[in-house]
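The values are calculated or read from the model by the stated rules, or taken from the named source; none is laboratory data. Since we're looking at a predicted model, the values are computed, not measured. A quick note on method: Cβ atoms are made from the backbone with ideal geometry, for glycine too, and the neighbour counts reach across all protein chains shown. The accessibility values were calculated without ligands, DNA or RNA, using every heavy atom of the protein model including side chains. Shrake-Rupley method; radii C 1.70, N 1.55, O 1.52, S 1.80 Å.
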Amino acid sequence: MRLDDERESGNVEDLRGSRRRLPIGGRGAVGGIVAIVIIIGGLLLGVDPQVLLGIVGGVDGPAPQQQSAQMTSPGTGGEGTDPQRRFVAQILGSTEDVWSEQMQAIGRRYVAPKLVLFTGAVGSGCGVAQSAVGPFYCPNDQKVYLDLDFFRELQDRLGAKGDFARAYVIAHEVGHHVQNLLGLMSNVQAARQQLSPSDRNALSVLVELQADCHAGLWANHANREKHILEQGDIEQGLNAVAAVGDDRLQRAARGTVAPDKFTHGSSAQRVAWFSRGLQTGSMDQCNTFKKQQ
Ligand SMILES: [Zn+2]
């Protein structure tokens, strides 16, 4: 990607650095936040989909466990010198520019999300989350959470190389924020209560595919305005999207594929929706909830 001239967003909160031990499940410093709450919006990496059921930013996750986790607290961020942080801030800044315009076009104001960098575990408005859940968006506090180790995993374990693959991850989470601003998250949360587990999964897939489409839409506009994409970037992005498809992750984890347990969509679905956003750059084209022909 060509990002030399991209501004850095001021919305990165760097919680890496100094650490303290945090008892989770207790009634201590975190006021009894339920442990290991997983939030919709993760890219689902190595996490049993069952764990993700019934959450959507709520606190009905697994029962609290008496254990402690490494938790980061505000520390010294490596501002200015850390190329990964700079990259994240530039991509986030680019999403702010694109989505401000998009929202303005439909008569709405874009309130940018914060992006929290952390290591190990983090306290969020959706509870305490471990890095293992992958990057996620919490609608309650409107923040994207990212442990940069995920980028290494994306490359080494999932074979998704390149900076556009990493940009896609950020743009996907920001895509969830857009859904939240549009009121979709609360609608989904309400609808989920009435649904069977497999229908809940199907609904989750629609939410995730739309976030993929939003990620593609961002890339379309960022490239149209700033020419950020270079030769090979699109292939890298599509490769990353395919790498986080449920079928591929399930097959890698268990050797079998169970479509009713999909929560994010198959590789083919994810690639299709990301491509649709990328090619059209149109929010109208990202309506995964509309019956498809
Ligand atoms: Zn997601």
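Remarks
- Amide N of region 141-171 lying under 19 Å from the label point, which is placed 7 angstrom from the Cα of Gln231 along Cα→Cβ: 161-165
- Each residue, Ala202 and Phe289, gets one label point 7 Å from its Cα in the Cβ direction; the gap between the two is 1.6 nm.
- Solvent-accessible ranking of Leu249, Leu209, largest area first, probe 1.4 Å: Leu249, Leu209
- 5 angstrom amide H check on Gly125, placed H, neighbours 5+ away: Asp141
- For Ser198, the solvent-accessible surface with a 1.4 Å probe is about 50 Å², rounded to the nearest 10.
- With a threshold of 26 Å on the Cα-Cα distance, the over-threshold entries among Lys261/Lys291; Lys161/Lys290; Lys114/Lys226 are Lys161/Lys290.
- Percent accessible area from carbon and sulfur atoms, region 105-214, protein chains only, probe 1.4 Å: 47 percent
- Taking amide hydrogens as placed 1.01 Å from N in the peptide plane, the amide H of Lys114 sits under 5 Å from those of Val144, each at least 5 positions away in sequence or on another chain.
- Cα centroid of region 188-235 to Cα centroid of region 136-161, whole Å: 15 Å
- What region 91-141 shows is 31 Å² of accessible area per residue, with the surface traced by a 1.4 Å probe over protein heavy atoms.
- Note, ³J(HN,Hα) from phi for region 233-247, Karplus 6.51, -1.76, 1.60, rounded to Hz, x at Gly and Pro: 4, 4, 4, 4, x, 5, 4, 5, 4, 5, 5, 9, x, 4, 4
- Per residue, region 150-293 exposes 44 Å² of accessible surface when a 1.4 Å probe is rolled over the protein heavy atoms with every protein chain present.
- Our compactness index for region 238-288, the C-alpha radius of gyration over the empirical 2.2 N^0.38 Å, is 1.24.
- Ala253 paired with Asp5, simple spin-label distance in nm, labels 7 Å along Cα-to-beta-carbon: 4.3 nm
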